[in-house]
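**Student:** Supplied in structure tokens, the structure appears directly below.
None of the figures in this text is laboratory data; all of them are computed from the coordinates on show. All values reported here derive from a predicted model rather than from experimental measurement. We place every Cβ from the backbone using ideal geometry, glycine too, and count neighbours over all the protein chains shown.
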Amino acid sequence: MNAALFPDLIVNGELVPHALIAAETQNQDAPKGKPGIAWRKAANAVAIRTLLLQEAAARQIVAAPREVGPGRFETEEEALIRGLLEQAIDVAPPTGDTIHSEWEKDPARFRTAPLWEVSHILCGCDPRDAAARAKALARAKGLLALLEGNPKSFAALAARESDCGSRSSGGSLGQLGPNDTVPEFEAALRQLSEGEISAEPVLTRHGYHIIRMDAVAPGKILPFEAVRAKIGEAMEKAAWARQSRSFIAQLVAASDIKGADLNSV
């Protein structure tokens with residue numbers, strides 16, 4: 001194994017087996033053909049886990065694995081790390097005034113879900129097939145060019161050209177809300193105004209879509225009491241995350257680590 005790409009990880013004198021880092025690489029994103037990047041990310045993650053387990057041992061933490069889902073339990077290591085963090089981190093729930101101040105910063109952030117009335121024309125293809133994808137894109141761009149000259153022809157064009165079953169209703173998909181469609185399609189919906197047609201074809205797992213926003217109901221701003229608990233929970237989670245990062249940074253600063261770069265922690 002190339003020692004430059006895959007160096008030994010040593011945390012406070014403890015040599016971490018290469019097999020642990022290799023297993024962790026499966027959880028790390030890295031460009032194809034760049035195993036060294038995945039290894040470095042994995043080494044950083046394993047180094048932090050090792051530090052936490054060392055600290056749990058030093059504090060003589062005892063924690064039984066908890067059920068985290070139907071029939072699924074924490075590993076012993078996960079239980080120890082949870083027990084350590086529960087001991088080391090103390091987050092006070094935010095006060096009512098603090099929660100209200102957060103809400104007052106921008107009440108418009110807290111709305112009921114939007115509704116979109118949408119029509120589309122699908123030029124279907126398997127996005128993994130480069131030739132089919134290029135053919136579908138060319139076809140979609142051609143249809144867009146026709147619509148630019150005559151937007152009112154959308155329904156007729158959808159009925160004639162769309163590869164979706166909605167062609168029978170002129171491309172209408174009816175009302176959609178968040179999570180009713182694939183992420184790429186929803187992201188495009190959030191950028192469209194009422195009456196607008198997507199400027200470019202939108203690629204999803206189904207192919208290229210030409211999307212028309214027929215109507216928009218943006219959602220109503222919720223009163224403070226309706227979102228108070230949700231804001232308080234989010235603030236408490238954010239405070240816990242800040243404290244946990246600070247705790248880990250303190251452990252890193254006091255440790256001797258070789259084979260990982262935790263300077264950004």
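**Student:** Only Cα pairs under 8 Å and at least 6 apart count here; give the relative contact order of the range 19-117 as a rounded whole percent. Write down the numbers at each step before the final one.
**Tutor:** On the way: 58 pairs, mean separation 17.0, N = 99.
Taking the mean separation of contacting Cα pairs over the length of the range 19-117, I get 17 percent.
**Student:** Using a Cα distance threshold of under 21 Å, what count of lysine pairs results for the chain when pairs must be 8 or more residues apart or interchain?
**Tutor:** Details: Lys32/Lys41; Lys41/Lys258; Lys105/Lys220; Lys105/Lys230; Lys105/Lys237; Lys141/Lys152; Lys220/Lys230.
Number of lysine pairs found: 7.
**Student:** With charges set only on the Cβ (+1 for Lys and Arg, -1 for Asp and Glu), what does the dipole of the range 115-217 come to about its Cα centre, in debye to the nearest 20?
**Tutor:** Values: 11 positive and 13 negative charges, 75 e Å.
That gives a dipole near 360 debye.
**Student:** Can you give me the pair-distance distribution of the range 153-265, C-alpha pairs, 10 Å bins, whole percents?
**Tutor:** Taking every Cα pair in the range 153-265, the percentages come to 11, 26, 17, 16, 18, 10, 2.
**Student:** Helix 224-253 versus the longest principal axis of the chain: what angle, 0 to 90°, nearest 10, using Cα atoms?
**Tutor:** 40 degrees
**Student:** Between the DSSP loop rule and a limit of at most 15 other Cβ atoms within 10 Å, which trypsin sites (Lys or Arg not before Pro) in the range 10-96 are left?
**Tutor:** Lys32, Arg59, Arg66
**Student:** Also: Using just the helices of the chain, give the 222 nm mean residue ellipticity in deg cm²/dmol: DSSP H runs with n ≥ 4 each add -39,500 (n - 2.57), and the total is spread over all residues, rounded to 500. Can you show the working numbers first?
**Tutor:** Numbers: 8 runs with 119 residues, N = 265.
Helix-only estimate at 222 nm: -14500 deg cm²/dmol.
**Student:** Among Pro70, Pro114, Pro93, which one shows the highest mean-square fluctuation when the chain is modelled as a Gaussian network with alpha-carbon springs under 10 Å?
**Tutor:** It is Pro70.
**Student:** Rank Thr50, Met235, Ala187 by how far each Cα sits towards the positive end of the charge dipole of the chain (+1 on Lys, Arg Cβ; -1 on Asp, Glu Cβ) and give me just the farthest.
**Tutor:** Selected residue: Ala187.
**Student:** I'd like to know how the range 1-133 sits against the 2.2 N^0.38 Å rule of thumb: what's its Cα Rg over that expected value?
**Tutor:** Values: Rg = 23.4 Å, N = 133, 2.2 N^0.38 = 14.1 Å.
Relative to the 2.2 N^0.38 Å estimate, the range 1-133 comes out at 1.66.
**Student:** How big is the Kirkwood radius of the range 115-217, worked out from every pair of different alpha carbons and given in Å to one decimal?
**Tutor:** Working: mean 1/r = 0.0746 Å⁻¹.
One decimal place: 13.4 Å for the Kirkwood radius.
**Student:** What ranking do Ser244, Ser198 get, fewest neighbouring Cβ atoms within 10 angstrom at the top? Please report the intermediate quantities before stating the final value.
**Tutor:** Working: Ser244 15, Ser198 19.
Arranged by neighbour count, lowest to highest, Ser244, Ser198 become Ser244, Ser198.
**Student:** Hey, another quick one. Pop out the ³J(HN,Hα) list for the range 64-75 in order, Karplus 6.51 cos²θ - 1.76 cosθ + 1.60 with θ = phi - 60°, rounded to Hz; leave Gly and Pro as x.
**Tutor:** Karplus-based 3J(HN,Hα) across the range 64-75 equals 7, x, 9, 6, 10, x, x, x, 10, 10, 4, 6 Hz.
**Student:** Relative to the longest principal Cα axis of the chain, at what angle does helix 76-88 sit, 0 to 90 degrees, rounded to 10?
**Tutor:** Roughly 80 degrees, rounded to the nearest 10.
**Student:** Around Leu173, which amide H atoms from residues at least 5 apart in sequence, or from another chain, sit under 5 Å from its own amide H, with H modelled in the peptide plane?
**Tutor:** Val118, Ser119, His120
**Student:** Continuing with this model, one more query. Please list, in order along the range 156-173, the HN-Hα scalar couplings obtained from phi with the Karplus expression 6.51 cos²θ - 1.76 cosθ + 1.60 (θ = phi - 60°), rounded to whole Hz, x for Gly and Pro.
**Tutor:** 5, 5, 5, 4, 8, 10, 5, 8, 9, x, 5, 4, 5, 10, x, x, 6, 9
**Student:** If you filter the range 210-265 for trypsin sites (Lys or Arg not before Pro), then keep DSSP loop positions with at most 15 other Cβ within 10 Å, what is left?
**Tutor:** Working: sites: Arg212, Lys220, Arg228, Lys230, Lys237, Arg242, Arg245, Lys258; in loops: Lys220.
The qualifying sites are Lys220.
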